[in-house]
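The values are calculated or read from the model by the stated rules, or taken from the named source; none is laboratory data. The shown structure was predicted, so the numbers you read here are calculated from the model rather than taken from an experiment. Glycine gets a Cβ as well: all are built from the backbone with ideal geometry, and neighbour counts include every protein chain shown.
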Amino acid sequence: MVGIVAGTGLGFLIIWMLTRQSRQMARQHATQLLDVARREGAVGAQELKTKAEEEIQAKRAEMNREFDRREIEVEVKLREIRSHEESLALLDFQLEQRQERLARENAAVRQARDAVRGLSKGVRERLEGLAQMDAGEIKEALREEVLRECQDELRALRREMLEKSEQELQHEAHRILVTTMQRLASRPNNDITATIVQLPGEEMKGRIIGREGRNIKAFEAATGVTLLIDESPQMVLISSFDPVRREIAKQALEGLIKDGRIHPASIEEFVARAKEEIRLNAMQAGEEAVQRLQVNGLHPEVISLLGNLKFRFSYTQNVLDHCVEVGFLCSMLASEIGLDPQVAKRAGLLHDIGKAVEGEYQGSHAVMGAEFVKRFGETPIVVNAVAAHHEEVKPETVYAGLVILADTISAVRPGARAESMTGYIQRLDRLEKLALSMEGVQQAYAIQAGREVRVVVNPQAVTDEQAGELAKQLRRKIEEELQYPSTIKITVIREQRFCETAM
């Protein structure tokens, strides 16, 4: 009995445990099913949300397109309305003009009708008066009538003669100008920004560069030019916007190549020698210009300053050649109209001398040039012609007008000037002046076609730390004040030299 009860209890226990286990498994399965259902529901909700957002975006894009289309249609309609309004305004204006013209014509018709009535009345009264006059009185009245009629014809004839004289004067002026320009043959100017120097051999390139580029750096620092050494056989290229620097560098480099000793000390020596030669060449150029024009009595200081114009260019036109050309034009124009060609020639030659004046004079180059030549004894006629050639000062004589005219003819002839080259030179000049305006800067050179500016500072006034800060300040100043293509490299050089002489 006890065994039966125990077996029954054990059976119930086993059944209870199996039932509990099945319930747990069912509960876990239900939980899993719920999780799967939740995930599937979340995925479905996300898909529905995404689909709804896509539909909303599509609807929004469609509405935006419709809105843009409506805006365009409205804009087109507004333009049509404005066009119609402008057409109506034009028609109104034309109608007003036509009404005014009709009113003037009606007034003229009424005036003519009144005049005809007055004339008929006057004729009738005159006939009545003639019937009561004798032969002498009739002759006197006819004479007065003829005089009144002839006065109108004489006024018309005088006006016609004056107009004819003015036309003849204009034709004569044109003839003089054309004849003068045809007598002067001038060559066009070319833009030259580089000079080629021939080398005796390829090994010379290495000597010019020097160890670690020491020689080429010293040469570029001393001359302010860019020395381009590439694979071109037996030649180097000197590049600079300043023709004076380029010529100094060319002569110095040719002297160094001929001498064979190329090092920083010899470079400085030959550059100094080249500068002195350029000064002498400028003096010779001034004397040659004076001889070409056969101008006498110029002060040596004036001739020397004229020679400096050989290295200056205005819109690629050499200023000294331009002055000589203006002198010839002034001389020929003066000869054509009966003035003194020597005075005109002198004024034309000196008109741009102010472009080479430096120092205590202030103002435009015309005013400075006039003050300079006045200081060295030029006549008031020449001084006024120089000052007035850009009409900043009122012309006081015909010679000033001749200089203005000749200056214009020389500048506008084909091939005389080119704006692009002048803009390039002015940009490089502004870059150098901006660098020189910084405190402590001794020298500044724009090289690499304006893509680099090299600044030499005073080592006693600027320390190494201050030199780095100066480069940053100059960079900010260039970015704020200049307009330039590409980029500009700024190189600040601080160098100290100690020299002793052994006896």
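Structure notes:
- Test result for E231, surrounded by fewer than 17 Cβ atoms within 10 Å (Cβ to Cβ) and part of a loop (DSSP other than H, G, I, E, B): yes
- Residue match in region 329-344 (condition: hydrophobic (A, V, I, L, M, F, W, C) and in contact with a His (Cβ under 8 Å, 6 or more places away or on another chain)): no
- The set of residues in region 379-395 that are surrounded by fewer than 22 Cβ atoms within 10 Å (Cβ to Cβ) and at pLDDT below 90 comprises H390, E391, E392, V393, K394, P395.
- Of the numbered criteria (1) more than 24 Å from A252 (Cα to Cα); (2) assigned to a helix (DSSP H, G or I), the one K310 fails is (1).
- Unique match (being more than 29 Å from V441 (Cα to Cα), out of contact with any strand residue (DSSP E or B) (no Cβ under 7 Å at 6 or more places or on another chain) and of a type in the set (S, T, Y)) among S314, S266, S232: S232
- Selection status of I248, under 34 Å from the mean Cα position of the chain (by Cα), under 14 Å from R273 (Cβ atoms) and without any contact (Cβ under 8 Å) to a residue 40 or more places away in the chain: yes
- Filter pass, R245 being in a helix (DSSP H, G or I), modelled with pLDDT under 85 and surrounded by fewer than 17 Cβ atoms within 10 Å (Cβ to Cβ): no
- Within region 257-283, the set of residues being more than 17 Å from G307 (Cα to Cα), of a type in the set (A, V, I, L, M, F, W, C) and touching a residue at least 24 places away in the same chain (Cβ under 8 Å) comprises I257, I262, I267, V271.
- Flag if F311 is within 30 Å of the chain's Cα centre (by Cα), touching a residue at least 40 places away in the same chain (Cβ under 8 Å) and not assigned by TED's automatic domain parsing to the domain that holds M204: yes
- Just one of the numbered conditions (1) over 24 Å from the mean Cα position of the chain (by Cα); (2) under 28 Å from F241 (Cβ atoms) is not true of I381: (2).
- Which listed residue is at pLDDT 80 or above and not aromatic (F, W, Y), from K258, K164: K258
- For first residues located in region 457-483 and free of Cβ contacts under 8 Å to residues at least 40 places away in the same chain and assigned by TED's automatic domain parsing to the domain that holds K433, partners that are assigned to a loop (DSSP other than H, G, I, E, B) and among the small types (G, A, S) and lie 6+ apart or on another chain with Cβ distances below 6 Å form the pairs V457/G440; N458/G440; A461/G440; V462/G440.
- Some residue of region 340-349 being modelled with pLDDT of 90 or more and β-branched (V, I, T): yes
- Near pairs, Cβ below 6 angstrom, 6+ apart or cross-chain, from region 370-383 (over 20 Å from V398 (Cα atoms) and assigned by TED's automatic domain parsing to the domain that holds V403) to any residue that is surrounded by 14 or more Cβ atoms within 10 Å (Cβ to Cβ) and among the acidic types (D, E): none
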